[in-house]
1. Taking θ = phi - 60°, what integer Hz values does the Karplus form 6.51 cos²θ - 1.76 cosθ + 1.60 yield along the range A:198-207, in sequence order, with x for Gly and Pro?
2. Please say if chain B is rounded, prolate or oblate, where rounded means a/c under 1.5 for a ≥ b ≥ c the square roots of the C-alpha gyration tensor eigenvalues, and otherwise the choice is prolate for a/b larger than b/c and oblate otherwise?
3. Quick one: with label points 7 Å out along Cα→Cβ, list the inter-copy distances for A:ALA26 in nm, shortest first?
4. For the range A:110-269, rounded, prolate or oblate, judged on the Cα gyration tensor with a ≥ b ≥ c (square roots of eigenvalues), a/c < 1.5 rounded, else prolate if a/b > b/c?
5. Taking 7 Å along the Cα-to-C-beta vector as the label spot, tell me the B:SER15-A:SER236 distance in nanometres, rounded to one decimal.
6. Out of the DSSP beta bridges found with both residues in the range A:1-77, what percent are antiparallel (nearest 5)?
7. Once the Cβ-Cβ distance between A:ALA269 and B:ARG251 is put in as r, and R0 is 60 Å, what FRET efficiency do you end up with, to the nearest 0.05?
8. Sequence-distant or interchain residues sharing an amide H contact under 5 Å with B:VAL132, placed H: which?
Number of protein chains: 2
Amino acid sequence: MNRLSLNQITTKSWSLPEAVAGCAEAGVEWIALWRDKVAEVGVDEAARLLDHHGVKVSSLCRGGFFTGVTPDGSPVDGVSETREAIDEAARLGTDVLVLVVGGVAGNDLAGSRQRVADAVGELAPYARDRGVRLGLEPLHPMQCAERSVLSTVDQALAIAREHPPEAVGVVVDEFHVWWDPHIEASIARARDRIAGFHVCDQLVPLTDTLMGRALPGDGPIDHRGLKACVEAAGYSGPIEVEVFNTELWARPGAEVLAEVISSYAEHVA
Amino acid sequence: MNRLSLNQITTKSWSLPEAVAGCAEAGVEWIALWRDKVAEVGVDEAARLLDHHGVKVSSLCRGGFFTGVTPDGSPVDGVSETREAIDEAARLGTDVLVLVVGGVAGNDLAGSRQRVADAVGELAPYARDRGVRLGLEPLHPMQCAERSVLSTVDQALAIAREHPPEAVGVVVDEFHVWWDPHIEASIARARDRIAGFHVCDQLVPLTDTLMGRALPGDGPIDHRGLKACVEAAGYSGPIEVEVFNTELWARPGAEVLAEVISSYAEHVA
């Protein structure tokens, strides 16, 4: 249980101070932070609260959007924003910055992927100098157009390998990759590149491309099987429970966290 | 333009007689039929109408569901139902029966895939004896849990290759596979196994996992690029325009077919 990390999106109704205090109270040693929640209190105050409560940061979410557009279609300078996010990660004391690399520009999928590889090349030395690892997170193919032209662990790994392991790794999120026919082999190949492991279940039927997640449970995802894969590959770091779910988000944070802990204990640990 | 086929789901408001007559009137030589629409008039009457109007059938949709459950969770004997569908395809004069293989039973993804391979092995000789080819259609990973444990062309190809090419092939549907980092190489490897090519676009943002399709146009899918791939692999058969889209389904069939023709001409042909 000491590997459990609350990804704070799961308790979206909680502010950062509430989430950090909530973890401390519940005995959860790790939390994954989101930049918008950090911004609400400021980086220094966030760092002070973490220190005060003795809660460690498994990752900061997120940098990326290197293909020039955000999901709502507005232009973005992903490289510049990610540089800020790297600085922020360092100040928050986490060594992982999760990257959502960006969707397809026009219908040029190959060109968009190249832009991602180029941006990672530009940022890797900057991140390494600050003790932060860029965590390339492949997202589910249903988010390819808007959010991530990286859809598989193999793709993320191919880009990561152009750089030192301490500068660029891959984040394995079950929701995004469980369906992949090569997932076990890909994770085995990832070895010391694995920078994070995120768990949750998929709702069936899957009616929403973003919010179709649930706490680990009786869904189609074999949590213990995938956890065994990342462990066999050598990963022994924190395991984030990260759930996008409107119903869960409407409930009190403490209640949700209690269920995070019990579902993790029952289906993952 | 003589390769264009109307997949009749695209003009869902039309009955089979309306769709067949509509194709004839618009000069569309091919149609892909759905079993529920065929059942409304009966197989013999459907065959008579096709013959009368001189419209050819590119494929019949669908057999499959070999993992024991339908998307709504009810039990199904996929092998037995697919045998009926093979007979129906033969009577309708098409040599392709599209297979939607079925989703994950429990959380046993590997076992579910094996059930699919076993079922195809059982049905392949039956299909070949009747001059019908089983068309394994990989579906988008977002449909893995409920509809198809085959998510990539490579997976479908691995099963197809256990059987003679005239008995089992693969159906390439852009919507399902455009995001695949190996799609060009997979199509090249598929060669004479390609039993069909389906085109449409993806809505951005993709808000619905089933209905998030559009007529070929300014979406993220590179239609001419993928068409060039299937042609380079040797496929010169009909090209189905297959669109699940609630708004399109609410409109008169003739109006929709006119747009099918113009979008195909502009973005695919």
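1. Each residue of the range A:198-207 in turn: 10, 10, 4, 10, 9, 5, 10, x, 8, 9 Hz.
2. Because its axes are fairly even, with a/c under 1.5, chain B counts as rounded.
3. Its label point is 5.4 nm from the equivalent points in the other copies.
4. Cα axes put the range A:110-269 in the prolate bin.
5. It works out to 7.1 nm between the two label points.
6. Taking every DSSP beta bridge within the range A:1-77, about 10 percent pair in antiparallel fashion.
7. Rounded to the nearest 0.05, the efficiency is 0.70.
8. Hits under the 5 Å cutoff: none.
We did not get these values from a lab; they are worked out from the coordinates using the rules stated. Everything numeric here is computed off the predicted structure, so don't read it as measured data. Glycine gets a Cβ as well: all are built from the backbone with ideal geometry, and neighbour counts include every protein chain shown.
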